[in-house]
Amino acid sequence: MSIHRVLILGGTTEARELAGVLAERSELEVGLSLAGRTAAPVRQPVPVRSGGFGGAEGLAAYLTSEGIDLLIDATHPYAAHISANAAAASDRAGVPIIALRRPAWQAGHGDRWHQVDDARQAVDILGAARKHVFLALGRQELLPFEAAPQHAYVIRSVDPIEPGLSLPDATYILARGPFSEAAETELLKKNAIEAIVCKNSGGAATYGKIAAASRLNIPVIMFRRPDLPDVPSGASVAEVAGLAGHWLDSAARRKRGV
Ligand code: NAP
């Protein structure tokens, strides 16, 4: 039996789950790559490498030097650079790629969503009058809110925001999902939140705040999703595992010359 090497670009729950599913197959040797930004990443079921590759070129060189047979892009929907690099590196190295593209949340009837391209637009929508605002964003997206110090912010992140923002009224919460609708409702009520700013991450783990906002009639200012390369993809762990299985079967057929 020949062994096929699979590299999963991860940093998401789905990437971890997919690694676990694929690692069950004895003909696959699965590795997972993380950006290395989270101080204490959760345990992964397969060997992990960490840190950037040095662009598409670096990733292509890695695929070749490590003898990777299949690349799976299971990164966060907003991690557009690594997804673009993955598609380009797959081309350059001649290694097939499959992506896990988590579907976006859709606004339901009565939901008060404002779609924005970036944090600056979100700041504009918040307006001049003081509000209680919940920011569920990464450090890179938070800095523009320093231009709106009139608001009271609750800022939730996985890693500490260091150095803290220069905002006079900011409460930091460190937490890692999943977050239930009940707990999110409690958080929004306790802090008298009047607006949420977040990404359209999709999936169940962070949907609780969206459901809670809907129930409490709180507006959600949501970053639009970035464009991602058009590569063969599935919307769930099961779909991508299925596509990887097909790829494996056809690789075996090619080897047998059928
Ligand atoms: P990115 O902007 O697409 O990636 C920036 C660079 O980081 C890449 O060019 C690559 O460096 C390196 N990189 C990213 N993912 C990698 C991986 N799996 N393995 C190795 N290197 C990797 O992505 P990002 O900086 O991670 O995040 C961008 C956005 O996505 C942010 O908005 C962030 O908050 C969000 N995000 C959210 C979550 C989450 O909520 N769970 C997780 C991840 C990202 P080289 O070019 O040097 O290879």
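General remarks:
- Relative contact order [Cα under 8 Å, 6+ residues apart], segment 123-178, whole percent: 34
- The lysines within cross-link reach of K199, meaning a Cα-to-Cα straight distance under 18 Å and a gap of 8 or more places when in the same chain, are K209.
- Across segment 130-258, the relative contact order, built from alpha-carbon pairs under 8 Å that are at least six residues apart, equals 22 percent.
- C-alpha center-to-center spacing [segment 46-82, segment 147-185] in angstrom: 31
- In terms of surrounding Cβ atoms within a 10 Å radius of their Cβ, K255, K189 rank from fewest to most as K255, K189.
- The charge dipole of segment 197-249, taken about its Cα centre with unit charges on the Cβ atoms of Lys, Arg (+1), Asp and Glu (-1) only, comes to about 480 debye.
- The aspartates and glutamates within cross-link reach of K189, meaning a Cα-to-Cα straight distance under 17 Å and a gap of 8 or more places when in the same chain, are E181.
- Per-residue Cβ neighbour counts within 10 Å put R225, R120 in the sequence R120, R225, beginning with the fewest.
- Nearest-20 debye value, segment 85-195 charge dipole, Cβ charges on Lys, Arg, Asp, Glu: 160
Read the figures in this text as sums done on the coordinates, not as results from a lab. Values in this document were obtained by computation on a predicted structure and should not be read as measured data. Quick reminder, even Gly has a Cβ in these numbers, built from the backbone with ideal geometry, and neighbours come from all protein chains shown.
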